[in-house]
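Following: one structure in C-alpha cells, then a few remarks.
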Amino acid sequence: MNYQIACIPGDGIGPEIVREARKTLDAVAARFGHTFTYTELLLGGAAIDRVGVPLPDETVSGAKSADAVLMGSIGGNTSTSPWYQLPPQLRPEAGLLGIRKALGLFANLRPAFLYKELAGACPLKDNLIEGGFDILIMRELTGGLYFGERNTVTENGIRKATDTLVYDENEIRRIAIKGFEIARKRRKKVTSVDKANVLDSSRLWRAVVNEVAKDYLDIELDHMLVDNAAMQLVRDPKQFDVVLTENMFGDILSDEASMITGSIGMLPSASLNETAFGLYEPSHGSAPDIAGMNKANPIATILSASMLLRYSLNLQTEADALDQAVEKVLQDGYRTGDIFSEGCQKVGTDEMGTLIAERI
Ligand code: IPM
Ligand code: MG
C-alpha cells in the first residue's frame, strides 16, 4: 500500500530524530512492500524563521491531506532564543498548541513501559520495579488551562496574570470513552486523576467519568488526586494501567512517568482525533543544548512512528516488527548517552537509527 506521511522536523534535535524515524519507516516499507511518501511541513521556530508565524496555514492543510503526521519537537531555549522575545501567540509553542487544536487531536496517548534491559537506568529501587511496569497515560490535549482565556494586566500598579481552566462535559466524556476503550485492550483498569478536592473542573471530570464508567462495567475504575498520583508513580508504578487525566496534569505526570522508564528519550506519544488520523511525536522537548551533535536518543520518535503504523495506518504486524527491532537493539547492548550504562556500547543518533532499521 501507498501512504502519505507528513513530517514536521521542527526545532532543536527534531530534524535528526525525525530523520532516524524515517530511516526505520523505510526499512518497514522495504520489508513489508509498502510505499511511504513524505512531505515536510514547517512548525514552531523553524516556521517563524522561514515565514514569520509558528503555524503556517499550509502546515494545517498539508497535515490534513496526509494519512498521519510524524513530528520531531519544537521550541528553543526559553532564556536565550530570540523566539521568546516575540508575543506569546507568535512563539514556537503556540504553533504546537495550534496544530493540536486545528486537527482536533484531543486524545494524547503516552505509554510508559519499562524495558527490562533499561531497568538499571530507572532511578527507582529494584524491588519497586521488579517484573516491570506498563502504564498508558491518556492525556486530554485540547482543553483545560492550555486553551482557556488568559491575560496579563496591570491594576493600580500591580501586575496580575490570569489563566482559566475550562472543561465542558462533552470534552470530558469523549476522552473518558477513549480511556475506557483502550483499557479494554489492556489490563482493564482506569485510574482517573483529578484534583476534585479543590477544583470545580475536576469535580465535573469525576462525575462524567463515573457516568461513562456505567457503560464499561468490565473495567475497574478508581479516582486519584493528582498530588497522590505523582507520589504513587514513584512509590508503586505497577499499580497503574491506564491513567486518564486532563491536559496539564497529563503533561506533568507524563514527564514523571518517562523518567522512571530510564529516560525521557524513550517515551513516544500519539495524539488522535475522533478518526484514525493522528500526530505522532516524542513526549520530550527539542533539547536545544544537544541539537545537531548526534547525541539525541531517537527511540521515542521511532516508537512514535510505530504508534503511527498501529493507530493511523492499522499496520499491526509492521508496528510489532518495529517495536521488536527497538527491543532487539537494546538487548544487543546499544545505548545512546542518556540510557548508557557500564558494559554497553555507546552510539550516536544516526547509528541508533541504522541499527534499529537493520533489525526490522
Ligand atoms: C508536551 C510539551 C508541550 C505541552 C509544550 C512544548 C507546549 O511539554 O508535549 O508535553 O506542554 O504539551
Ligand atoms: Mg510536556
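The numbers here are math on the coordinates, done by the rules we state, and not lab data. Predicted, not measured: the structure shown is a model, and the values here were computed from it. Backbone-built Cβ (ideal geometry, glycine too); neighbour counts: all protein chains shown.
Return the subset of Lys64/Lys328; Lys160/Lys238; Lys116/Lys188; Lys64/Lys195; Lys189/Lys295 for which the Cα-Cα distance in this structure is over 32 Å, preserving the input order. With Cα atoms farther than 32 Å apart: Lys64/Lys328; Lys160/Lys238; Lys64/Lys195; Lys189/Lys295.
Size of region 1-76: Rg and Dmax of its alpha carbons, in Å, are 12.9, 41.
Can you pull out the GluC sites (Glu not before Pro) in region 69-154 whose DSSP state is coil and whose Cβ has at most 15 other Cβ atoms within 10 Å?
Numbers: sites: Glu93, Glu117, Glu130, Glu140, Glu149; in loops: Glu130, Glu149.
Sparse-neighbourhood loop GluC sites (Glu not before Pro): Glu130, Glu149.
When you work out D = kT/(6 pi eta Rh) for the chain at 20 °C and 1.002 mPa s, using the Kirkwood radius from C-alpha pairs as Rh and the Stokes-Einstein form, the result is 102 µm²/s. Taking every C-alpha pair closer than 8 Å and separated by at least 6 residues, the mean separation divided by the residue count of region 265-316 gives a relative contact order of 45 percent.
Measuring nothing but how far apart in sequence close Cα pairs (under 8 Å, 6+ apart) lie, relative to its length, region 123-260 scores a relative contact order of 38 percent.
Remind me, what semi-axes does region 123-260 give for its equivalent ellipsoid, largest first in whole Å, using sqrt of 5 times each Cα gyration tensor eigenvalue? Mind showing how you got there, number by number?
On the way: eigenvalues 170, 82, 25 Å².
Here the semi-axes work out to 29, 20, 11 Å.
Taking 13 Å as the cut-off, the amide N atoms of region 253-292 that come nearer than this to a point 7 Å along the Cα-to-beta-carbon line of Asn314 belong to 275-277.
When the alpha carbon coordinates of region 1-157 are projected onto the principal axes, the ranges are 59, 46, 29 Å, largest first.
Each Cα pair under 8 Å and six or more residues apart adds its separation to the average, and for the chain the resulting relative contact order is 23 percent.
The label point for Arg235 and the one for Ser61, both projected 7 Å from the Cα toward the Cβ, are 5.4 nm apart.
The residues packed around Thr191, meaning those with a beta-carbon under 10 Å from its beta-carbon, carry a net charge of -2 if Lys and Arg are +1 and Asp and Glu are -1. The label point for Asp218 and the one for Asp49, both projected 7 Å from the Cα toward the Cβ, are 5.1 nm apart.
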